[in-house]
Amino acid sequence: MPNSSITEHNAAARLAGLLESAMDAIITVDEAQRIVMYNRAAERIFGWAFADVKDKPLDLLIPARFRPHHGEHVRRFGETGVTSRRMSGSTVVFGLRRGGEEFPVDASISQLDTPEGKLYTVILRDVTERVRAQEDLAAFAKQSSAVREQEKSRVARELHDELAQSLTAIKMDTIWLKDNLRAEPDAAAAKVQEMLRMIDGAVASTRRIAADLRPLVLDDLGLMPAIDWLVQNFRQRHGIECRLEADEDLELAEPYATAVFRIVQESLANVAKHAQARRVTVSVMPVERGLRLVVQDDGAGFDTGAARKPGSLGLAGLRERAQLLKGTVAVQSRPGQGTTVEAFIPVGEGEGA
């Protein structure tokens with residue numbers, strides 16, 4: 001029959017090995033909330049060695065604002081008789097590193113009655129990266145919503161300023177024709193010519209607004225002809241020299257083609273609106289594992305570290321489109337030295353040719 005003391009020693013050694021190899025921090029305190037066990041993961045997460053915290057109050061690892069209530073929460077847990085539970089329900093609790101930095105943790109607590117008294121063990125995990133990712137996602141969702149609302153406002157404004165006003169003028173002229181056609185035939189003929197001019201303008205506006213919403217040239221001809229059309233249209237509308245450098249054989253599947261088209265379109269719109277540039281270069285080239293897109297101008301530039309103007313979401317829109325495809329957008333600019341917008345869109349096999 002095996003010696004019981006040897007068996008107990010082996011079991012204790014195995015338990016110690018498990019505690020030390022655990023990825024999560026494991027901390028045990030006595031009824032007075034003094035630390036009696038503290039594994040290597042806890043040393044790594046909190047920055048204190050076990051020798052530094054042994055027999056010290058658990059408050060050493062808790063932010064000051066939580067200390068007054070923590071002891072009472074543990075005492076109430078001890079009275080419940082429940083073996084274990086997650087701390088703070090669905091909310092995140094916080095720990096305190098040796099250097100004074102607070103950090104979010106996911107934690108559970110258990111209790112055990114021993115001959116020496118009740119022991120409480122906390123198992124916790126540093127969730128800093130998870131919380132940061134959630135915050136980034138929330139900020140991205142907010143930014144995306146703002147970009148969409150700006151786009152809706154832009155379309156509504158163009159419909160009102162161009163189409164609605166033209167249609168109202170045509171309606172008024174139609175009423176005038178009904179009342180004066182026979183009495184003033186010469187004036188009526190001139191009015192018809194004016195109405196035809198306004199109708200032509202309304203048709204052109206409708207096509208432009210529709211092209212902004214969904215460019216038919218992209219569907220009909222493909223990505224590179226669509227970008228070439230964007231460059232030519234920009235040159236004609238704004239009188240700014242614009243050069244395209246691209247692989248003419250490049251073609252992408254959706255949603256990559258639309259995202260690249262929109263990034264070029266919105267970058268050129270920003271140039272036209274803000275840059276006061278004389279020359280612009282658009283480069284669209286395949287690179288390893290993706291596509292590199294650069295729009296560079298010689299315009300006024302701006303301070304990239306300055307606060308963004310209220311309602312200015314142009315660069316946010318570019319980043320949103322790239323991030324939706326796990327891409328990146330970098331903007332380099334200085335006052336008086338132009339602006340360069342560079343995007344990388346990762347493209348897998350079968351999604352581009």
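The values are calculated or read from the model by the stated rules, or taken from the named source; none is laboratory data. Values in this document were obtained by computation on a predicted structure and should not be read as measured data. In this analysis, Cβ positions are derived from the backbone assuming ideal geometry, glycine residues included, and neighbour counts consider all displayed protein chains.
How about the range 328-339: which of its residues are surrounded by 16 or more Cβ atoms within 10 Å (Cβ to Cβ) and free of Cβ contacts under 8 Å to residues at least 60 places away in the same chain? Steps first, please.
So in the range 328-339, the residues surrounded by 16 or more Cβ atoms within 10 Å (Cβ to Cβ) come out as 329, 331, 333, 338-339.
Answer for the range 328-339, where residues must be surrounded by 16 or more Cβ atoms within 10 Å (Cβ to Cβ) and free of Cβ contacts under 8 Å to residues at least 60 places away in the same chain: Val331, Ser333.
From the list Ala187, Ala107, exactly one residue is of a type in the set (Gly, Ala, Ser), part of a helix (DSSP H, G or I) and outside the structural domain of Gln323 (by TED's automatic domain parsing). Which is it?
On the way: Ala107 fails: part of a helix (DSSP H, G or I).
On inspection, the qualifying residue turns out to be Ala187.
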Examine the range 62-74 for a residue that is at pLDDT 90 or above and within 20 Å of Leu112 (Cβ to Cβ), and state whether such a residue exists. no
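For residues in the range 1-30 being modelled with pLDDT of 90 or more and of a type in the set (Asp, Glu), which is farthest from Glu101 (Cα to Cα)?
Let us first name the residues in the range 1-30 that are modelled with pLDDT of 90 or more, namely 24-30.
From what's left, of a type in the set (Asp, Glu): 24, 30.
Values: Asp24: 19, Asp30: 25 Å.
Selected residue: Asp30.
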Does Val155 satisfy the criteria of being under 45 Å from the mean Cα position of the chain (by Cα) and either assigned by TED's automatic domain parsing to the domain that holds Leu315 or β-branched (Val, Ile, Thr) (or both)? yes
What number of residues within the range 246-262 satisfy the criterion of being surrounded by 17 or more Cβ atoms within 10 Å (Cβ to Cβ), small (Gly, Ala, Ser) and not in a helix (DSSP H, G or I)? 1
Scan the range 273-287 and report the pairs whose first residue is assigned by TED's automatic domain parsing to the domain that holds Asn233 and in a loop (DSSP other than H, G, I, E, B) and whose second residue is crowded, with 17+ Cβ neighbours inside 10 Å and β-branched (Val, Ile, Thr), with Cβ atoms within less than 9 Å and a gap of 6+ or a chain change. Ala277/Ile240; Ala277/Val271; Ala277/Thr339; Arg278/Ile240
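State yes or no: is Gly89 modelled with pLDDT under 85 and part of a helix (DSSP H, G or I)? Spell out the reasoning first.
Numbers: modelled with pLDDT under 85: yes; part of a helix (DSSP H, G or I): no.
The answer is no for Gly89.
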Residues that are more than 18 Å from Gly100 (Cα to Cα) and in contact (Cβ under 8 Å) with a residue 60 or more places away in the chain, drawn from the range 34-74: Val36, Met37
